[in-house]
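Read-outs: derived from the displayed coordinates by stated rules, not from any lab. These figures come from a predicted structure and were not determined experimentally. Quick reminder, even Gly has a Cβ in these numbers, built from the backbone with ideal geometry, and neighbours come from all protein chains shown.
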């Protein structure tokens, strides 16, 4: 399965959009949202917060949420 050229997520088999540039480079897109952001709006994946590439680069969503919880001892 190829990766989306914009979001970095896996493109399911039989789905997505394959876009071929004039120089022969193949770009895969998971959906039209990714395609429009990359081609029409010329946005960079590292600056778009919802992409996997941004989250990996800025270490978002990797912290453990169980560390912040405090135990409730109850009664006394």
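Being surrounded by 10 or more Cβ atoms within 10 Å (Cβ to Cβ) and more than 22 Å from residue 50 (Cα to Cα) is the filter here, so list the residues in the stretch 12-39 that pass it.
26
Filter the stretch 1-33 for residues that are over 21 Å from residue 61 (Cα atoms) and not in a loop (DSSP other than H, G, I, E, B) and give the result.
Selection gives 17, 18, 19, 20, 26, 27, 28, 29, 32, 33.
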